[in-house]
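Here is the structure we will look at.
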Amino acid sequence: MHNTDVTKYDKHIAIIGAGISGLTLGISLKLNNIPCVIFEKSPTVSEHGAGISISPNGKHILSKLNILDELKKVSGNTSETIFFSNLKEITRISSDVLTTSRKSLYDILLSKYISLDGEIHFNSELEKIDLDLKEISLKNDKSFNVGHIASCDGIKSICRSKAIDPSFPKYSGYSVWRSIINQKQSHIGFYLGAGFHIVSYPINNEQTSFVAAVKTNNQTRESWMTKGSYSDLQDDIPKEILQKFNSLKSSEIYKWGVFVRPKTRILFKKNVTFFGDAAHPIVPFIGQGGCLAIEDAYVFSNLYIKNNYNISKTQEEYQLIRLDRINKITKSSQNQGKLNHLKNPFLVFSRNFLMKNTNIIKYMTKNIWGYRPENDIHF
Ligand SMILES: Cc1cc2nc3c(=O)[nH]c(=O)nc-3n(C[C@H](O)[C@H](O)[C@H](O)COP(=O)(O)OP(=O)(O)OC[C@H]3O[C@@H](n4cnc5c(N)ncnc54)[C@H](O)[C@@H]3O)c2cc1C
């Protein structure tokens, strides 16, 4: 052991990962004077040049944490979502979704955490955990005894694979193209087509996030770093639609393989609790992975206070409150992929008819977007 003070965090909640769940948890704990420390493997917060949409359930919590107004100032301003079936408009609805860049979100989360005197160690990759001794060991040869371990280390969580079992992800059959393009847009656009769908939204006043999910046997790596090319994208998406996003030709394009993992059954084990993608990886078809990560962090920290800092009671209640919602949204997200990509003309007609002539979109989003953690926590 190379560090001199292994016990300096033995009353702290050690948060592994400075992503959306880790930073939100850090803020929520620090706002309540609960000792915590974040360990992040990267040299800085890694935002991967991508966009993110935050629906009203996530916005509500960001507002409680006093972050929302600042984030709004640097985000896209949309109030309308337009749905197309290929290029033909199906319907348009008003929408209350914040669309932004991950960089803006991470920067604001991090600076809020730091402003609360939050402690964070970059270049600190977790390698091992001992759940009985409550010890974490980092790749930089440092080890610490900690009060509790919060696993916020994302989709390929080391904590989860060490504490429960290594989950074996299976390729879902979908891959996702993404790019940030230098093009202005004032609405959220959904283009539904046979075997693909595109979501585009402004991330600020100048740039637009372009995301295209395609059904393909051509398996891509599950990574933010895999580059793609415009000519490959043309093989997957009709060119009449791509013409709408002309700047794609001169933009960096990436491709993400969407993988699925076994259903989430537990959210804690002994002295580790799981948050966000480490707890419940979700396919990205209803834009809820980040929002659920924010909810997890907020619910856990408020339960911890309500339960007078009793960690076991908090873990039990956290799991009880979160599991059902998480699993329902995970299922909805998988179903949404199928609905977006319908090929059968009769089914396409029926879907479009319902979207145009009924309140089905509002109905489908009501329970997800309308969630308010206060109703579950009763504090
Ligand atoms: C293409 C795509 C589009 C998406 N769009 C949306 C959207 O519009 N809206 C939405 O709500 N969600 C969206 N999501 C989902 C969302 O990005 C994730 O659900 C969210 O980032 C999960 O947050 P997290 O904190 O669990 O993990 P992350 O944000 O991935 O953070 C994990 C952190 O842990 C760190 N880490 C990992 N291993 C270690 C280790 N061993 N030691 C120390 N640190 C470690 C990582 O470096 C990282 O900083 C999308 C996902 C994809 C793939």
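In the set (1) at pLDDT below 95; (2) under 26 Å from Leu109 (Cα atoms); (3) surrounded by 13 or more Cβ atoms within 10 Å (Cβ to Cβ), the condition left unmet by Leu339 is number (2). Of all residues in the range 37-76, those satisfying the criterion of being touching a Leu at 6+ places or on another chain (Cβ under 8 Å) and over 23 Å from Asp96 (Cα atoms) are Ile38, Phe39, Lys41, Val45, Glu47. Only a single criterion out of (1) buried (at least 16 other Cβ atoms within 10 Å of the Cβ); (2) assigned to a loop (DSSP other than H, G, I, E, B); (3) among the hydroxyl-bearing types (Ser, Thr, Tyr) is not satisfied by Tyr309, namely (1). The requirement of being touching a Phe, Trp or Tyr at 6+ places or on another chain (Cβ under 7 Å), of a type in the set (S, T, N, Q) and within 15 Å of the ligand (Cβ to nearest atom) is satisfied by Ser53.
It is to be established whether one or more residues within the range 256-270 are near the ligand (Cβ under 8 Å from one of its atoms) and either without any contact (Cβ under 8 Å) to a residue 40 or more places away in the chain or assigned to a helix (DSSP H, G or I) (or both). The answer is no, given that none of the residues of the range 256-270 is near the ligand (Cβ under 8 Å from one of its atoms) and either without any contact (Cβ under 8 Å) to a residue 40 or more places away in the chain or assigned to a helix (DSSP H, G or I) (or both). Which residue is nearest to Asn271 (Cα to Cα), if the candidates are limited to the range 147-167 and must be of a type in the set (A, V, I, L, M, F, W, C) and within 14 Å of the ligand (Cβ to nearest atom)? Here the answer is Ile149. Scanning the range 15-50 for residues that are more than 6 Å from the ligand (Cβ to nearest atom) and under 15 Å from Asn123 (Cα atoms) turns up Ile15, Val37, Ile38, Pro43, Thr44, Val45. Among the residues of the range 41-56, are any part of a helix (DSSP H, G or I), of a type outside the set (Asp, Glu) and under 15 Å from the mean Cα position of the chain (by Cα)? Yes: the range 41-56 contains one or more residues that are part of a helix (DSSP H, G or I), of a type outside the set (Asp, Glu) and under 15 Å from the mean Cα position of the chain (by Cα).
Quick check, is Ile52 aliphatic (A, V, I, L, M) and within 16 Å of Ala293 (Cα to Cα)? So Ile52 fits the description; yes.
The values are calculated or read from the model by the stated rules, or taken from the named source; none is laboratory data. Quick caveat: nothing in here was measured; it's all calculated off a predicted structure. Here the Cβ is made from the backbone with ideal geometry for all residues, glycine too, and neighbour counts use every protein chain on show.
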